[in-house]
Amino acid sequence: MKKQVPLCQSCGMPMEEPKVFGTLEDGSLSEDYCIYCYKNGAFVNPSATMEEMIDLCTTIMTEHNIMPEEAARKHLETLLPTLRRWG
């Protein structure tokens, strides 16, 4: 049985390795957020809206050939509202 990979509760990125986990104030790893969204116990961009996060992540996913733009946007529009930061 395949182990379920945790998703960043801000951007939805799979967090497969410790190096991509965000950090808490004490430097320990956050189990909820990735390094791109959360550092030293705070969001990297605390004023970001869900729509801005969808735009940013769509661009990243498209540039890294993870999925085509339309599919990425649809995926994120479905996923992000279910995540802790936006729910």
>> What distance in nm separates the two pseudo spin-label positions at D55 and E69, each 7 Å out from Cα along the beta-carbon direction?
In response: 1.3 nm
>> Viscosity 1.002 mPa s, temperature 20 °C: give me the Stokes-Einstein translational D for the chain in µm²/s, with Rh taken as the Kirkwood radius over C-alpha pairs.
In response: 161 µm²/s
> About its Cα centre, what dipole magnitude does the range 1-66 give when the only charges are +1 on Lys and Arg Cβ and -1 on Asp and Glu Cβ, stated in debye to the nearest 20?
Replying inline: 260 debye
> Which GluC sites (Glu not before Pro) in the chain pass both tests, a DSSP loop state and at most 14 other beta-carbon atoms within 10 Å?
Replying inline: E16, E25
> Using r as the Cβ-Cβ distance of K3 and S47, and R0 as 30 Å, what FRET efficiency do you calculate, to the nearest 0.05?
Replying inline: 0.30
> Relative to the longest principal Cα axis of the chain, at what angle does helix 50-63 sit, 0 to 90 degrees, rounded to 10?
Replying inline: 70 degrees
> Can you give the net charge of the other residues whose Cβ lies under 13 Å from the Cβ of P81, counting K and R as +1 and D and E as -1?
Replying inline: +1
> Longest exposed-loop-site-free stretch of the chain, with trypsin sites (Lys or Arg not before Pro), DSSP loop and at most 12 other Cβ within 10 Å?
Replying inline: 4-83
>> Accessible area of the chain with a 1.4 Å probe: how many percent of it is carbon plus sulfur?
In response: 54 percent
>> Accessible area per residue for the chain in Å², computed with a 1.4 Å probe and the full protein assembly in place, what is it?
In response: 70 Å²
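The values are calculated or read from the model by the stated rules, or taken from the named source; none is laboratory data. Treat the numbers as computed from the prediction; the structure is a model and nothing was measured. We place every Cβ from the backbone using ideal geometry, glycine too, and count neighbours over all the protein chains shown. We work out accessible area using only protein heavy atoms, side chains counted, and drop any ligands, DNA or RNA first. Shrake-Rupley method; radii C 1.70, N 1.55, O 1.52, S 1.80 Å.
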